[in-house]
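This report refers to the structure that appears directly beneath it.
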Number of protein chains: 2
Amino acid sequence: MAAGPVEIPPAVLVNAALPQPHHRTKGFRLAFKDVVDGLQRLFFTKNTILTMAASGTGGMEASVINMFSPGDEVIVASCGAFGQRWADISKAYGLTIHQIDAEWGKAVDVNAVAEKIKSVPNLAGVMTTFNETSTGVENDIKSIGELVKATNAVFIVDGISGVGAMPFKTDEWNVDVLVVGSQKGLMLPPGLAFVALSEKAKKRVETSKLPKFYFSFAKGLKLMVGEELPDTPFTPAVSLILQCREAIKLIEKEGIENVWKRGARMAEATRLGVKALGLKLLASANFSNVVTAVDCQDGAVDPSKVVKGLLGRFGISIIGGQGKLKGKIFRLGHVGYVDELDVLATIAALELVLKESGAQVKLGAGVSAVQEFLLKQGN
Amino acid sequence: MAAGPVEIPPAVLVNAALPQPHHRTKGFRLAFKDVVDGLQRLFFTKNTILTMAASGTGGMEASVINMFSPGDEVIVASCGAFGQRWADISKAYGLTIHQIDAEWGKAVDVNAVAEKIKSVPNLAGVMTTFNETSTGVENDIKSIGELVKATNAVFIVDGISGVGAMPFKTDEWNVDVLVVGSQKGLMLPPGLAFVALSEKAKKRVETSKLPKFYFSFAKGLKLMVGEELPDTPFTPAVSLILQCREAIKLIEKEGIENVWKRGARMAEATRLGVKALGLKLLASANFSNVVTAVDCQDGAVDPSKVVKGLLGRFGISIIGGQGKLKGKIFRLGHVGYVDELDVLATIAALELVLKESGAQVKLGAGVSAVQEFLLKQGN
């Protein structure tokens, strides 16, 4: 019940135990084509999707170094630790950063982005986060995309933890560069980053002057655009790509819209359960359906005891805070392979762990709030 | 029977089918410690080993960008496509390159390296390849290490395909930066790069001025040096790391020296089989025990027919040439999970495929040469 790496469905796990083909065989390349085609459907895009052996941050850095040149003016719209990462990467590469910082727990203010766009005449790019995992907040990508579309800037979105889990329409929302990781909504082990590139982004690849080699989009695009079967410039993470094909099958069997709905239900159930225990949510609006952050800053609950208790006694992995929220919150994930029973069990375990750690909690209060919500929802 | 990605032992495959722990749990970090400790033994080093979610080339680029600053003078000692990669990466980052090119099929001339070292007064680094996969040649890392040791330069070795398969002593041979990939001698799926850093290399990390983020060794070292349990700055490729622990167990059960000996036997058996069929080896000395390159430049055999025939009829993956040897050679791998039966079967299949493609070949000649060698060797 962490916000990723998530639990992996058995069918996806078992797939990695099969003998592995060499990546230059037609068999593998056909499978890779299934993956790329499937991801286009799941990401709601016709854009070219590049696949890299890297964690999500590698995909973020790849996006920066392939879109920009030294000194380029960029807006970073941040509302947490992962938004800040765009600024950190941009700084490492000498970009001129115009940063918008929302209070952690709140979403990026679209009007502030609109104002900032007007104030930067030579704007090269706008970077933000879809689902801010560090705070459990969803940003309004559609509205920001509308603003960036009218400029020469490219719109770069960290969709690592949110895409696949919450409604996301790459093309309709005018996202030029979308970064997605394997270990969240796609229910895979970590180790793959996907980047979907619009035509506007592909043109930018040709002029970008930041140094690059392994993460070169030009090298990647050469093996994707106009090719019958996709390929990668360097050895791909074969086992993870084959697992991805399996995961896409599972998602499409359920239907991506149904996955989104299930995610929304599990998130709402979790929030209701937590609130019924007298705990406070960090966010007050724009709730993420990927992860719920519980605010412990009033000192009534020690978040590290919750994290340790759930793992030690029940084997449930959740996470504490990161960055400036370290030691101040705990986070319950509900992304991927998570159902009603998982939420019920987690809230029940949470009640026990809270009680044992000396917190004021009425046993059963969280569970019954979840039950009542699920009863109303039907099955 | 490709030179990697190699066949994966069942015990390693099956490991990826187990439920996966979150990477922030103590259970995972203990497993990760086993991996790092085990790799130190297999690489014969006390140096700090960083683990990255990336293919081997990512590890190579990481080494360049963490060791050097723009304009630094480096020697690239190349004898094939992978040696050339050091030059390509160095060029992408604006280094001043002094290149030594051995004829493809021959090893790097150690005397030429010695001369070059004398001619570059402000030498910052020397880069070369242990096993040149594109030609099936092994370079004399020990002798080059001896030369570089006496300078202020760091010695960087691409051990991606060779380490784990052929005798390699990182510390004894004065290798400052060793890059190893997962999909060769370690018998894992592709997707992990390991980099072992000497004290000299670690000092260089502090002064290197090339831009970096995901591949920052400074970030990686902070979580490794002096820590009880190792960690990575970004989400690690959990499933591959756990598979690595299993692979290390298998290698140490056989004994790393015995793995090297088996590799040498399989390589010699392959060379004898190939030669008994009237085929020519590309190399004439410094044979790699990882891969045997068969020279088809006299036109008697079409290498693409061999590659297609072995895969299509027998399901045996081998590879053709790359770079300037494309269409001119085929390569038989014998690294990792390969035994006598694999070599016998491959040579038998090769005979059939050659015969069917119209080449002059005496059926059984290759197999019996292998058999006689194995008989002499005993079991």
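Bear in mind that the values in this text are calculations on the coordinates, not laboratory data. In this text the structure is predicted, and so the values were computed from the model without any measurement. No Cβ is skipped: glycine too gets one built from the backbone with ideal geometry, and neighbour counts run over all protein chains shown.
Using the basic label-point model (7 angstrom from Cα toward the beta carbon), what is the B:GLU227 to A:LEU352 distance in nanometres?
If labels sit at B:GLU227 and A:LEU352, their model points lie 3.1 nm apart.
Go ahead and run the numbers for FRET between A:SER119 and A:LYS203, Cβ-Cβ distance against an R0 of 30 Å, rounding to 0.05.
Values: r = 25 Å, r/R0 = 0.83.
That pair, A:SER119 with A:LYS203, gives E of 0.75.
Please give the net charge around A:GLY312, taking every other residue with its beta carbon less than 12 angstrom from that of A:GLY312, where Lys and Arg add +1 and Asp and Glu add -1. Don't jump to the answer; show the numbers that get you there.
On the way: positive: A:LYS305, A:LYS308, A:ARG313, B:LYS26; negative: A:GLU356.
Every neighbour counted, the sum reads +3.
Please arrange B:SER198, A:SER239 by how many other C-beta atoms lie within 10 Å of their C-beta, fewest to most.
Going from sparsest to densest Cβ surroundings: B:SER198, A:SER239.
Checking the a/c ratio against 1.5 first, then a/b against b/c, what shape does the Cα gyration tensor give for the range A:69-183? Working shown, then result.
On the way: a/c = 1.44, a/b = 1.28, b/c = 1.12.
Judged from the Cα gyration tensor, the range A:69-183 comes out rounded (a/c under 1.5).
Assign one of three labels to the range A:54-128, namely rounded, prolate or oblate, based on the Cα gyration tensor with a ≥ b ≥ c the square roots of its eigenvalues; rounded applies when a/c is under 1.5, prolate when it is not and a/b is larger than b/c, and oblate otherwise. Write out the running numbers ahead of the final one.
Working: a/c = 2.24, a/b = 1.14, b/c = 1.97.
Here the range A:54-128 falls in the oblate category.
May I ask what percent, to the nearest 5, of DSSP beta bridges between residues of chain A are antiparallel? Write down the numbers at each step before the final one.
Numbers: 23 of 44 bridges.
The antiparallel fraction comes to roughly 50 percent.
Amide H to amide H under 5 Å from A:ASP72: which residues, 5+ apart in sequence or cross-chain, H placed 1.01 Å off N in plane?
Counting only residues 5 or more places away or on other chains, the set is A:THR96.
State the antiparallel share, in %, of DSSP beta bridges confined to the range B:103-262, rounding to the nearest 5. Can you show the working numbers first?
Working: 7 of 17 bridges.
Percentage antiparallel, nearest 5: 40.
I need the phi-derived Karplus couplings for the range B:8-22: 6.51 cos²θ - 1.76 cosθ + 1.60, θ = phi - 60°, integer Hz, Gly and Pro marked x.
Running phi through 6.51 cos²θ - 1.76 cosθ + 1.60 with θ = phi - 60° gives 9, x, x, 4, 6, 4, 4, 4, 6, 8, 7, x, 9, x, 6 Hz.
When N counts the residues of the protein assembly as shown, how does its alpha-carbon radius of gyration compare numerically with 2.2 N^0.38 Å, as a ratio? Show your work: numbers first, answer last.
Numbers: Rg = 26.9 Å, N = 758, 2.2 N^0.38 = 27.3 Å.
Here the Cα radius of gyration is 0.98 times the empirical estimate.
Which whole-angstrom value gives the distance between the alpha carbon centres of the range B:281-305 and the range B:196-271?
Their Cα centres are 31 Å away from one another.
Could you pull the copy-to-copy label distances for B:LYS253, with points set 7 Å along Cα to Cβ, in nm to one decimal and sorted shortest first?
3.3
Report, by chain and number, residues whose modeled amide H sits under 5 Å from the one on B:CYS296, excluding near sequence neighbours (fewer than 5 apart, same chain).
B:ILE329, B:PHE330
With a cut-off of at most 15 other beta carbons within 10 Å, and DSSP calling the residue loop, which trypsin sites (Lys or Arg not before Pro) in the range B:258-332 qualify? Please list them. Please list the in-between numbers first.
Numbers: sites: B:LYS261, B:ARG262, B:ARG265, B:ARG271, B:LYS275, B:LYS280, B:LYS305, B:LYS308, B:ARG313, B:LYS324, B:LYS326, B:LYS328, B:ARG331; in loops: B:LYS326, B:LYS328.
Hits after loop and neighbour filter: B:LYS326.
Compute the distribution of all C-alpha to C-alpha distances in the range A:96-143, in bins of 5 Å from 0, and list the percent of pairs in each, rounded to whole numbers.
All Cα pairs, binned at 5 Å, distribute as 4, 20, 30, 23, 15, 6, 1 percent.
Just to confirm the number: angle between the C-alpha axis of helix B:365-377 and the first principal axis of chain B, 0 to 90 degrees, nearest 10?
Roughly 60 degrees, rounded to the nearest 10.
Considering the range A:1-66, what Rg and Dmax in Å follow from its alpha-carbon atoms?
Radius of gyration, then largest Cα-Cα span, for the range A:1-66: 14.5, 38 Å.
Based on Cβ point charges of +1 for Lys and Arg and -1 for Asp and Glu, what charge dipole magnitude is obtained for the range A:10-253 about its Cα centre, in debye rounded to the nearest 20? The partial results should precede the final answer.
Numbers: 26 positive and 25 negative charges, 147 e Å.
So the magnitude is around 700 debye.
Report the Cα centroid-to-centroid distance between the range A:314-337 and the range B:88-111 in angstrom, as an integer.
48 Å
Can you find, among A:ALA196, A:THR232, A:LEU210, the residue sitting farthest towards the positive end of the charge dipole of the range A:171-241, where Lys and Arg contribute +1 and Asp and Glu -1 at Cβ?
Going by the charge dipole, the pick is A:LEU210.
Ranked by Cβ crowding within 10 angstrom, fewest neighbours first, how are A:HIS334, A:HIS22 ordered?
A:HIS22, A:HIS334
Please say if chain B is rounded, prolate or oblate, where rounded means a/c under 1.5 for a ≥ b ≥ c the square roots of the C-alpha gyration tensor eigenvalues, and otherwise the choice is prolate for a/b larger than b/c and oblate otherwise? Before the final figure, lay out the partial values.
Working: a/c = 2.07, a/b = 1.35, b/c = 1.53.
Oblate, since a/c reaches 1.5 and b/c is not below a/b.
Which GluC sites (Glu not before Pro) does the range A:179-268 hold that lie in a coil by DSSP with at most 14 other beta carbons within 10 Å?
Passing sites in the range A:179-268 are A:GLU227, A:GLU228.
What list of ³J(HN,Hα) values in whole Hz, one per residue of the range A:300-315 in order, does the Karplus curve 6.51 cos²θ - 1.76 cosθ + 1.60 (θ = phi - 60°) give from phi, with Gly and Pro shown as x?
5, 10, 8, x, 5, 5, 5, 4, 5, x, 5, 6, x, 8, 10, x
Just to check I understand the Karplus step: with θ = phi - 60° and J = 6.51 cos²θ - 1.76 cosθ + 1.60, what whole-Hz values come out for the range B:320-336, glycine and proline as x?
x, x, 9, x, 6, 9, 4, x, 10, 9, 10, 10, 9, x, 8, 10, x
Given points 7 Å out from each Cα along the Cα-Cβ axis, report the B:ARG41 to A:THR25 separation in nanometres with one decimal.
3.2 nm
Filter the GluC sites (Glu not before Pro) in the range A:6-110 to those in DSSP coil with at most 11 other Cβ atoms within 10 Å of their Cβ, and list the result. Walk me through the intermediate numbers first.
Values: sites: A:GLU7, A:GLU61, A:GLU73, A:GLU103; in loops: A:GLU7, A:GLU103.
Passing both the DSSP loop test and the Cβ count: A:GLU103.
Could you give, in nm with one decimal, how far B:GLY364 is from each other copy of that position, shortest first, with labels 7 Å out from Cα toward Cβ?
8.4
So how far apart, in nm, are the two label points at A:VAL14 and A:LYS308 if each is 7 Å from Cα heading toward Cβ?
Placing both labels 7 Å beyond Cα along the Cβ direction yields 3.9 nm.
Evaluate E = 1/(1 + (r/R0)^6) for B:ASP34 and A:GLN322, where r is the Cβ-Cβ distance and R0 equals 22 Å; express this FRET efficiency to the nearest 0.05.
0.25
Between A:LYS261 and A:ILE97, what length in nm is gained on full extension when 0.36 nm per residue of separation is reduced by their alpha carbon distance?
Details: separation 164, 0.36 × 164 = 59.04 nm, distance 3.66 nm.
55.4 nm is the gain from fully extending A:LYS261 to A:ILE97.
Test of understanding: ordering B:TYR337, A:TYR214, A:TYR93 by Cβ neighbours within 10 Å, fewest first, what list do you get? Please list the in-between numbers first.
Values: B:TYR337 14, A:TYR214 27, A:TYR93 20.
Lowest to highest Cβ neighbour count: B:TYR337, A:TYR93, A:TYR214.
Based on the Kirkwood radius over alpha-carbon pairs, what is the Stokes-Einstein translational diffusion coefficient of the range B:184-225 at 20 °C with 1.002 mPa s viscosity, in µm²/s? Present the calculation step by step, with values, prior to reporting the outcome.
On the way: Rh = 12.1 Å.
The estimated diffusion coefficient comes to 177 µm²/s.
Which distances, in nm and shortest first, link the A:TYR337 label point to the same label point in every other copy, taking 7 Å along Cα→Cβ?
From this label point to the equivalent ones elsewhere in the assembly: 2.1 nm.
How much length would be gained if the chain were fully extended between B:GLU372 and B:ALA285, taking 0.36 nm per residue of separation minus their Cα-Cα distance, in nm to one decimal?
Stretched out fully, the B:GLU372 to B:ALA285 stretch lengthens by 29.1 nm.
Between helix B:238-254 and chain B, what is the angle of the helix's C-alpha long axis to the longest principal axis, kept within 0 to 90° and rounded to the nearest 10?
60 degrees
Considering only DSSP beta bridges whose two residues both sit in the protein assembly as shown, what percent are antiparallel, to the nearest 5?
Details: 46 of 88 bridges.
Taking every DSSP beta bridge within the protein assembly as shown, about 50 percent pair in antiparallel fashion.
Just how large is the dipole of the protein assembly as shown about the Cα centre, in debye to the nearest 20, putting +1 at every Lys and Arg Cβ and -1 at every Asp and Glu Cβ? It would help to have the intermediate numbers written out before the result.
Working: 84 positive and 76 negative charges, 4 e Å.
Here the size comes out at about 20 debye.
Along each of its three principal axes, how wide is the spread of alpha-carbon positions in the range B:255-377, in whole angstrom units, largest first?
40, 32, 27
Might you report the magnitude of the Cβ-based charge dipole of the range B:255-377 about its Cα centre, with Lys and Arg at +1 and Asp and Glu at -1, to the nearest 20 debye? Working shown, then result.
Values: 16 positive and 11 negative charges, 61 e Å.
Using Cβ point charges on Lys, Arg, Asp and Glu, the range B:255-377 gives about 300 debye.
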